[in-house]
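Contents: one structure, followed by commentary.
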């Protein structure tokens, strides 16, 4: 995630050069007596905004407050606790809690003090301290204290999702030195992203949780300190987030111009098609579109033709990670790399792009796609030096061939790739009998593709047909989102569609994605069950990269090893954010790196009145 944290001082503080980090222990001990105090953490040379900035540049600091909007979610919810494995948390629930730091979405890995007025770090990076703002308050008026930070951290570590145990693994202890000062001590000085990771943590109220079991789904509206609180609730069907008018941080630069809408209604739909029809009917005000066919063909409806609704594509400049058919290597069927490679050969992306996606997508060829961290060509230089000690454990092709995803002419005749796939399957001990692929024991090659929504069946079903040409008996099973979460948390699936998100600076989250430890933890992010000593070693190198120059070859080495192991059948990515909305919003004119910053939008009362009147007239 975040990486190569550079500490930028307030004007009165003293900065230490990187040479201080390499000084002898005694010298570092002296330097540690003068920690650096800062208003922001960044992995750039310095934050993009000065200490006295008044608002993020991409917001309108004078944006009007008020109005309401309705958004859609698919499935259902049975909890307001998003931090645990059990239950399905309500969407948008993070609006309720504040964090120590707030990221600038228009900068790479840079965050500014929010709950924390300042941050301190010693040159040897053995700890980080957050000084809380005295005015920080929960919605019931209780101050946000260091004890709340300690309680939150310990609760997440002990009872939260496995993700947190990997994410915070290098924290040795956390101490509330006073009501407002909390200090995290580290096990290592090499994990340079850790201060930023800790700054992302939502701070929960210890006093409110006393007498409640943090490990259980939460049905009471939670107490927070953020810009919204829970309003009306129809459990499992809808929830309203009500803007807090007395929000303690309203005039902070990290909040000014954001959170402008008074009421955000989140309506749940069992089916994405029904949710889209609700948008066209004016029941939903804003949506993001992730289906290319729908974007190309389904938005020609009267409200859009009249200008009452709009659609746009916003350019984004973020790493796009990896999406694909993920094979659960905990299943014996997918243990063999040759089998996984064969299944990738059977997928015809070019046919899908022409016939299903209107040529809208680019094939994904890296787990760190759309970034400089993606491997390419042959390993060389420092990347090769990193891989060389593992040569015996790695596929020999990795060192002599550039990685390439299978390519077809898009005609639907994938004969060459299917022939190569069959050869790999035979090498792995399978044979075709009576047009069915069977193992040495005569058992058929059979598996299930688990999906969470019907929309993806249009891709999975052709894939099943192509697999059938190899004699593979694959079938698709679509379940509701709540059941899907339960099954995936328990790793009870053969193959599913997974998205592995990445950032400009990968770090601790890689432990959750790829480590042997995470593979065995229920509810972890290790979807494929990856467990390899080589990958464990490379992930450790990524997490402990001393700077960005060392990070790049380490990530590329990890990327190359993951690709050559064929844990996923790579899909595609889009460099745009597709949005559609009813013409009732105002928004700043500045484009942002993420493409979309919806929290900076507001309800334009004049536009809203016109669209509401038109919608009412159309419904009568």
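The values are calculated or read from the model by the stated rules, or taken from the named source; none is laboratory data. Since we're looking at a predicted model, the values are computed, not measured. Neighbour counts run over all protein chains shown; Cβ positions are idealised from the backbone, glycine included.
Results, tabulated for the structure shown:
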read-out: Qualifying residues in segment 188-199 (those that are at pLDDT below 95 and within 17 Å of residue 154 (Cβ to Cβ)) - the one surrounded by the fewest Cβ atoms within 10 Å (Cβ to Cβ); value: 197
read-out: Scope segment 574-591; condition touching a helix residue (DSSP H, G or I) at 6+ places or on another chain (Cβ under 8 Å) and surrounded by 19 or more Cβ atoms within 10 Å (Cβ to Cβ); matching residues; value: 578, 580, 582, 584, 585
read-out: The lone exception for residue 504 - which of (1) in a loop (DSSP other than H, G, I, E, B); (2) more than 25 Å from residue 189 (Cβ to Cβ) it fails; value: (2)
read-out: Number of positions in segment 509-524 that are assigned to a helix (DSSP H, G or I) and either without any contact (Cβ under 8 Å) to a residue 60 or more places away in the chain or under 18 Å from the mean Cα position of the chain (by Cα) (or both); value: 8
read-out: Tabulated pairs, segment 21-50, first under 22 Å from residue 592 (Cα atoms), second in a helix (DSSP H, G or I) and at pLDDT 50 or above, C-beta under 8 angstrom, 6+ apart or interchain; value: 41/195; 41/196; 41/199; 43/196; 43/548
read-out: Helices (runs of 4 or more DSSP H) lying entirely in segment 409-493 (those with 3 or more residues that are under 28 Å from residue 520 (Cβ atoms)); value: 481-489
read-out: Qualifying residue in segment 272-281 (condition: touching a helix residue (DSSP H, G or I) at 6+ places or on another chain (Cβ under 9 Å), touching a residue at least 24 places away in the same chain (Cβ under 8 Å) and farther than 23 Å from residue 585 by Cβ); value: yes
read-out: Residues satisfying the stated conditions in segment 279-308, i.e. farther than 22 Å from residue 574 by Cα and under 27 Å from the mean Cα position of the chain (by Cα); value: 279, 284, 285
read-out: Some residue of segment 440-448 being buried (at least 16 other Cβ atoms within 10 Å of the Cβ) and in contact (Cβ under 8 Å) with a residue 60 or more places away in the chain; value: yes
read-out: Set 85, 182, 102, 171: member being assigned by TED's automatic domain parsing to the domain that holds residue 56, surrounded by 18 or more Cβ atoms within 10 Å (Cβ to Cβ), more than 19 Å from residue 214 (Cα to Cα) and in contact with a helix residue (DSSP H, G or I) (Cβ under 6 Å, 6 or more places away or on another chain); value: 182
read-out: Scan of segment 407-418 for residues that are free of Cβ contacts under 8 Å to residues at least 24 places away in the same chain and over 18 Å from residue 569 (Cβ atoms), ordered by number; value: 413, 415
read-out: Segments classed as helices (runs of 4 or more DSSP H), wholly inside segment 346-408, with at least 3 members that are surrounded by 15 or more Cβ atoms within 10 Å (Cβ to Cβ) and assigned by TED's automatic domain parsing to the domain that holds residue 460; value: 349-355, 381-387
read-out: Residue match in segment 548-558 (condition: in a loop (DSSP other than H, G, I, E, B) and either within 16 Å of residue 371 (Cβ to Cβ) or modelled with pLDDT of 95 or more (or both)); value: no
read-out: Options 607, 563; residue that is out of contact with any helix residue (DSSP H, G or I) (no Cβ under 8 Å at 6 or more places or on another chain) and not assigned by TED's automatic domain parsing to the domain that holds residue 337; value: 607
read-out: Test: residue in segment 207-221 that is out of contact with any helix residue (DSSP H, G or I) (no Cβ under 6 Å at 6 or more places or on another chain), in contact (Cβ under 8 Å) with a residue 60 or more places away in the chain and surrounded by 20 or more Cβ atoms within 10 Å (Cβ to Cβ); value: yes
read-out: Condition check for residue 140: at pLDDT below 95, surrounded by fewer than 20 Cβ atoms within 10 Å (Cβ to Cβ) and touching a helix residue (DSSP H, G or I) at 6+ places or on another chain (Cβ under 9 Å); value: no
read-out: Qualifying positions in segment 531-554 - buried (at least 20 other Cβ atoms within 10 Å of the Cβ) and under 24 Å from residue 335 (Cα atoms); value: 532, 535, 538, 539
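Quick grid of which residues meet (1) crowded, with 20+ Cβ neighbours inside 10 Å; (2) within 22 Å of residue 240 (Cβ to Cβ):
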{"position": "52", "(1), (2)": "no, no"}
{"position": "70", "(1), (2)": "no, yes"}
{"position": "76", "(1), (2)": "no, yes"}
{"position": "115", "(1), (2)": "yes, no"}
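Residue by residue, here is whether (1) within 19 Å of residue 291 (Cβ to Cβ); (2) in contact with a strand residue (DSSP E or B) (Cβ under 9 Å, 6 or more places away or on another chain); (3) touching a residue at least 12 places away in the same chain (Cβ under 8 Å) holds:
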| residue | (1), (2), (3) |
| --- | --- |
| 452 | yes, yes, yes |
| 467 | no, yes, yes |
| 470 | no, yes, yes |
| 481 | yes, yes, yes |
| 498 | yes, yes, yes |
| 502 | no, yes, yes |
| 507 | no, no, yes |
